[in-house]
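Before anything else, here's the structure in question.
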């Protein structure tokens, strides 16, 4: 509902009617409309982060493809939630920004762990991975808005951009060598 109607235009009555429950039930669990809105955002990001860290038993190359595919599927099937997470919510929403920053930190830690076996990485490596994640967000937003390319091509683009990012990090930060060329990170 928040995707189709502005936050201010939605009432608790609208939300309760759409959910098929009494308005009091929503107040009981979420206190107010804002609590409900933030709960939706938090639930959405939890699923996104869980996908990124799943299947550690797979080889890296397979894991990164699976992770990127899962990310793209999530964005395509949950477009409103994805846009809210990436763009920061209604206007400039400090709490949604905080949720987004937490998700980015968790995804960054997952990438660093997959690439280097640790989450504490130098600032240059962190900034490069954050730059890749920002590119992923922008490409994904554009793609779900007008999916001209098949998902497989978008996945391949993102995986290759990650490979290039890791190689650049390896050149600039000797203590963070890129994984072998036949492997990648997830």
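The values are calculated or read from the model by the stated rules, or taken from the named source; none is laboratory data. Keep in mind that what you see is a predicted model, and the values were worked out from it rather than measured. Ideal geometry is used to build each Cβ from the backbone, glycine not excepted, and the neighbour counts take in all protein chains shown.
With (1) under 16 Å from the mean Cα position of the chain (by Cα); (2) part of a helix (DSSP H, G or I); (3) more than 14 Å from residue 103 (Cβ to Cβ); (4) at pLDDT below 85 as the list, and residue 48 as the residue in question, which single condition is left unmet?
The one condition residue 48 does not meet is (3).
Could you please find all residues in the stretch 106-127 being under 12 Å from residue 172 (Cβ atoms), touching a residue at least 24 places away in the same chain (Cβ under 8 Å) and surrounded by fewer than 19 Cβ atoms within 10 Å (Cβ to Cβ)?
122, 124
Could you say whether any residue in the stretch 133-145 is in a loop (DSSP other than H, G, I, E, B) and modelled with pLDDT under 90?
no
Residue check: is residue 149 part of a loop (DSSP other than H, G, I, E, B) and surrounded by 13 or more Cβ atoms within 10 Å (Cβ to Cβ)?
So residue 149 fits the description; yes.
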